[in-house]
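The values are calculated or read from the model by the stated rules, or taken from the named source; none is laboratory data. As the structure is a prediction and not an experimental result, all values here were calculated from the model. Backbone-built Cβ (ideal geometry, glycine too); neighbour counts: all protein chains shown.
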Amino acid sequence: MTPSWILDILAGLMLLVAAISAGRLVAARAWAGPAGEADIDVAHLLMGIAMAGMLVAGLTTLPNGVWDAIFAVLTAWFGWRVYRESRREGVRVLADGHRMPHLVHSAAMLYMFAALNAPAASSGGGMSGMGGGSGMAMSTLSVPVVAFIFALWLSVYVVLDLDCLSGPGHTRGSYFAAPALAGATAGTRSVSLAAASAAPAGTSARVAVAPEQPANGGTPMSAGGDRPASASRPARGLLLSPQVAAGCRIAMGVTMAFMLIIMI
Amino acid sequence: MSDIAVADGEAARRGNARTAAVDSWRPPDAKRVLQLSLAAIWLLDGVLQYQSFMFTKGFGQMLAGTASGNPGVVASPITWDANLVEHHAVLLNTIFATIQLLLALGIAWRPTLRIALAASVAWALGVWWFGEGLGEVLNSAASPVNGAPGAVIIYALLAVLLWPSDRHAATAPFAAARAVGAPVARALWLVLWGSLAYFALMPDNRAPQALHDMIAGMASGEPGWLAALENHAASLVANQGLAASVVLAVALVVIAVGVYLPRPAARATVVLAIVVAAVIWVFGEAFGAILAGGATDPNSGLLLILLAAAYWPVRTVVTAPAATQPVGTEGARA
């Protein structure tokens with residue numbers, strides 16, 4: 001069996017991701033107002049809690065049916081967001097759209113909960129039989145080819161995220177630029193997509209093209225644009241930085257691929 | 001509101017935001033895409049290594065099985081290593097899996113690309129010996145259909161070909177030649193595919209039922225649809241071992257020499273290579289038996305497809321500015 005301490009470590013990592021995502025939600029609200037990334041942080045928060053419960057029985061929080069419903073809603077939500085992106089930017093967003101990875105993550109979670117064949121010895125509701133001493137390897141997934149496809153897809157997103165983070169000017173178009181809204185760097189500004197749509201052919205709307213006029217008479221705006229930047233910028237920069245968001249996504253992608261593979 | 005960001009606010013205020021933002025991002029070039037594909041496969045390898053079976057004595061016994069048929073000088077270290085793994089399965093397998101995970105992350109993370117690729121070559125060579133028994137190339141069991149010359153050696157080959165050096169970028173006719181040069185890259189391709197053709201014609205592989213048994217044997221433990229696919233494919237080559245081996249060998253020879261042909265013909269042979277590799281991966285290797293559980297890697301078919309992609313001939317090549325690329329992976333093509 002996959003040693004339980006490995007599952008414990010990953011569960012701890014997922015709880016950390018959940019905590020960071022919760023912190024980002026609070027921080028964005030407190031410092032910057034709605035940043036347009038709340039859905040992603042909410043998704044990370046929920047996925048972190050759900051995955052921790054899948055990995056360790058003692059961390060199970062909700063019945064399977066509830067998680068099914070939650071991830072069905074999240075999948076539908078990100079599907080709609082991707083559809084909207086594709087209307088603006090074309091089918092290219094299916095490959096590198098900003099919300100496409102989150103759609104895949106949500107769909108993978110939905111699949112895991114829907115396709116789980118709990119071990120016969122499982123006690124209590126659904127996933128709780130997976131973790132603890134026995135380990136989640138006792139459980140298997142129906143239609144394992146789907147698990148393999150998701151694992152491969154998630155692996156691709158992990159390496160793309162790492163490449164973007166370490167590449168020159170790590171703002172990889174729409175896929176990566178939006179988290180920068182969180183305002184890690186001085187001078188960063190939010191802009192509307194309407195402005196981006198004015199980009200000439202060839203440049204496309206992948207990247208921002210013009211700043212919005214400050215709504216407060218010229219004071220540099222925070223990520224959400226409705227409050228002035230404050231002295232708390234360093235802390236904000238750390239928590240709301242795109243690197244932290246990408247780090248959460250990488251940790252989640254690796255863990256999710258791990259779970260999918262060991263349950264084949 | 002759907003938002004996107006301007007990374008350089010100062011430039012934005014100067015009215016140059018459009019140019020600045022567009023310039024800040026460059027899509028990965030062909031070579032980097034191949035490196036990232038290699039990283040993704042290493043990542044898959046890493047998580048496969050965390051499967052339950054790998055933490056049991058069965059994994060050590062599986063390793064010991066690769067010693068069979070090899071000369072003593074090769075087999076003895078395999079047996080020693082297998083015993084070690086059998087007795088310390090949890091510790092050693094955790095290390096193995098974590099190493100592969102780190103190789104994947106290291107290749108994807110640009111500052112560590114070189115060290116990760118170099119480490120992947122060393123690791124792959126070690127696994128080729130201690131984990132795959134040199135791909136069974138020293139005994140009669142090697143066949144291109146079952147993974148010869150060993151999937152892991154193709155990882156090493158790819159790491160060398162995709163090394164982040166563009167010394168030969170100006171004259172490279174394909175991505176795989178940019179680091180080592182076209183003559184060396186072509187020679188490596190010729191040796192690999194030529195050896196596969198040789199293995200296809202070995203006596204054990206051209207026996208009437210050899211290919212049938214090999215393919216039918218892959219059905220065990222697979223999902224119903226894949227088992228049916230394997231059994232159907234096996235029935236097609238029943239008692240046709242010699243004919244099938246000859247056809248396969250001819251295709252492999254054509255592929256081997258294809259890189260020396262003019263561009264249109266070379267492209268056709270690369271397409272043929274991808275098709276043959278895909279057929280091997282699906283029918284001969286059942287996707288590396290991943291769906292049956294207990295696989296340590298996706299086997300050779302997927303790697304051969306990636307390798308073929310690295311040899312895709314390009315029309316023209318121009319030297320590219322490398323100033324902003326920290327690892328020398330830039331190199332635009334017209």
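Structure above, values below:
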{"item": "Evaluation of B:ASN205 against (1) crowded, with 23+ Cβ neighbours inside 10 Å; (2) part of a helix (DSSP H, G or I); (3) under 22 Å from the mean Cα position of the chain (by Cα) (one fails), failing number", "result": "(3)"}
{"item": "Test: B:LEU291 is within 14 Å of chain A (Cβ to nearest Cβ) and in contact (Cβ under 8 Å) with a residue 60 or more places away in the chain", "result": "yes"}
{"item": "Segment B:305-334 - residue that is of a type in the set (Ser, Thr, Tyr) and surrounded by 22 or more Cβ atoms within 10 Å (Cβ to Cβ) and, of those, modelled with the highest pLDDT", "result": "B:TYR311"}
{"item": "Within segment B:208-219, considering residues that are out of contact with any Asp or Glu (no Cβ under 9 Å at 6 or more places or on another chain) and not in a helix (DSSP H, G or I), the one nearest to B:PHE283 (Cα to Cα)", "result": "B:GLN209"}
{"item": "Subset of segment B:277-319 (residues that are in contact with an Asp or Glu (Cβ under 8 Å, 6 or more places away or on another chain), among the β-branched types (Val, Ile, Thr) and within 23 Å of B:ALA238 (Cβ to Cβ))", "result": "none"}
{"item": "Residue in segment B:80-90 that is more than 16 Å from the chain's Cα centre (by Cα) and closer than 19 Å to A:PHE258 by Cβ present", "result": "yes"}
{"item": "Any hit, segment A:85-101, residues being more than 14 Å from every other protein chain (Cβ to nearest Cβ), on the phi > 0 side of the Ramachandran plot and not charged (D, E, K, R)", "result": "yes"}
{"item": "Number of positions in segment B:42-53 that are more than 8 Å from chain A (Cβ to nearest Cβ) and under 21 Å from the mean Cα position of the chain (by Cα)", "result": "4"}
{"item": "Check on B:LEU302, buried (at least 21 other Cβ atoms within 10 Å of the Cβ), at negative phi and touching a residue at least 40 places away in the same chain (Cβ under 8 Å)", "result": "yes"}
{"item": "Sole residue being more than 13 Å from chain B (Cβ to nearest Cβ), assigned to a helix (DSSP H, G or I), of a type in the set (Val, Ile, Thr) and surrounded by fewer than 18 Cβ atoms within 10 Å (Cβ to Cβ), chosen from A:VAL73, A:VAL17", "result": "A:VAL73"}
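Residue-by-condition table, conditions (1) within 19 Å of B:ALA234 (Cβ to Cβ); (2) hydrophobic (A, V, I, L, M, F, W, C); (3) without any contact (Cβ under 8 Å) to a residue 12 or more places away in the chain:
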{"site": "B:ALA156", "(1), (2), (3)": "no, yes, no"}
{"site": "B:HIS168", "(1), (2), (3)": "no, no, no"}
{"site": "B:PRO183", "(1), (2), (3)": "no, no, yes"}
{"site": "B:LEU196", "(1), (2), (3)": "no, yes, no"}
